[in-house]
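Taking it in order: structure first as structure tokens, then the write-up.
Readers should treat all values here as calculations from the given coordinates under stated rules, not as data from a laboratory. These figures come from a predicted structure and were not determined experimentally. All Cβ positions, even for glycine, are placed from backbone atoms using ideal geometry, and neighbour counts span all protein chains on display.
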Amino acid sequence: MKTVVLSAALALLFPLAAWSQDGADDLAKKLSNPVANLISLPIQNNYDFGIGENDGWMSRTNVQPVIPFSLSEDWNLISRTIFPLVYQEDVFGAGSSDFGLGDTTQSFFLSPTASDPIWGIGPVFLLPTATEDFFGSEKWGAGPTAVVLKQDKGWTVGALVNHIWSFAGEDSRDDVNATFLQPFVSYTTKKATSLTLNTEASYDWEHEQWTVPINLIAAQVLKIGDQPIQLGLGARYYAEGADGGPEWGIRAQLTFLFPK
């Protein structure tokens, strides 16, 4: 992870080393679009600090493959998956450490190949893949998801939303009834550098609790050999959260791109 963070910092500090071939800025704009017709593999690491009485920290690495499928000349189906790997220290007492897999989120977006604004709609599923009780809900869930955005002159403005209800799982655990809201705005330069501001807010209707992290991220598209990638680095601040929740964090991201 240190290598990813260092590489991201170097790429952002020295943009002249970035991939300068035609199409790099187009790839960067597609990465700002959750339903773009682009195969990608983002590996996103989030470090959150200030958790609990012992000022613990958590590292959540989200492996997020995005795979578009062409249904016809007019429609695509975009698969977006989130596999979280979690490691934390001093959260359940001083000197404690825990590692495991969290619950998997699987979304599908039916999206037109050409539209203005760009949009997609479909189902989202919650899969109880957590290896530790405290890393997941032990519930199966499902619900609707949708995204809409506008891209113009390097700007991308839009929002993604979903809602998940649990329908099966461990009876002793609380039901899942949660809304996720992600408004976002980003600007991409002609050198394929992107600056993104978003909020990944969620509301737990069972416990009437908001969690609102605000993220500011800079990212750069470049090439390693023949492989195009994007490196990103940013910070997050929790404007709202549960008692004992994190206060701030750092995000580093490495995305492998597979343009057609």
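The 3J(HN,Hα) values that the Karplus relation (6.51, -1.76, 1.60; θ = phi - 60°) gives for the stretch 98-115 are, in residue order, 9, 9, x, 9, x, 6, 8, 10, 10, 10, 10, 10, 8, 9, x, 5, 9, 7 Hz. Gly and Pro appear as x. Multiplying the residue separation of residue 260 and residue 150 by 0.36 nm and subtracting their alpha-carbon distance yields 37.3 nm. Going down the list 150/191; 153/191; 150/260; 29/223; 29/190, which pairs span over 19 Å between their C-alpha atoms? Going by Cα-Cα distance, 150/191; 150/260 fall outside the 19 Å limit.
Whole number please: convex hull volume per residue of the Cα set in the stretch 31-155, in Å³? Walk me through the numbers before you get to the answer.
Details: hull volume 15.2 nm³, N = 125.
Each residue corresponds to 121 Å³ of Cα convex hull volume.
If we count every other residue with Cβ under 14 angstrom of residue 214's Cβ, Lys/Arg +1 and Asp/Glu -1, where does the sum land?
-2
Stokes-Einstein diffusion for the stretch 147-202, with the hydrodynamic radius set to the Kirkwood value over Cα pairs and evaluated at 4 °C in a medium of 1.567 mPa s, equals 96 µm²/s. If the label point is 7 Å along Cα→Cβ of residue 165, which residues in the stretch 180-204 have backbone nitrogen under 20 Å from it? Label zone hits: 180-181, 202-204. Per the Cα gyration tensor, the chain maps to an equivalent ellipsoid with semi-axes of 30, 24, 16 Å, ordered largest to smallest.
Please report the relative contact order for the chain, taking Cα pairs under 8 Å with a sequence separation of at least 6, and give it as a percent rounded to a whole number. Write out the running numbers ahead of the final one.
Numbers: 740 pairs, mean separation 51.7, N = 260.
Taking the mean separation of contacting Cα pairs over the length of the chain, I get 20 percent.
Gain on full extension, evaluated as 0.36 nm per residue between residue 187 and residue 121 minus their Cα-Cα distance, stands at 21.4 nm. In the chain, helical runs assigned H by DSSP with n ≥ 4 each contribute -39500 (n - 2.57); averaged across all residues and rounded to the nearest 500, the mean residue ellipticity at 222 nm is -2500 deg cm²/dmol. Against the chain, whose longest principal axis comes from its Cα atoms, helix 2-13 is set at around 40 degrees.
Using alpha carbon coordinates only, what is the Rg to Rh ratio of the stretch 153-260, with Rh defined as the Kirkwood radius? Don't skip to the end; give the middle numbers.
Values: Rg = 17.5 Å, Rh = 16.2 Å.
With Rh from the inverse mean 1/r over Cα pairs, Rg/Rh is 1.08.
What does the net charge come to around residue 83 if you take all other residues with beta carbon closer than 14 Å to its beta carbon, with K and R at +1 and D and E at -1? Each step should come with its number before you reach the end.
Values: positive: 60, 80; negative: 103.
Neighbourhood net charge equals +1.
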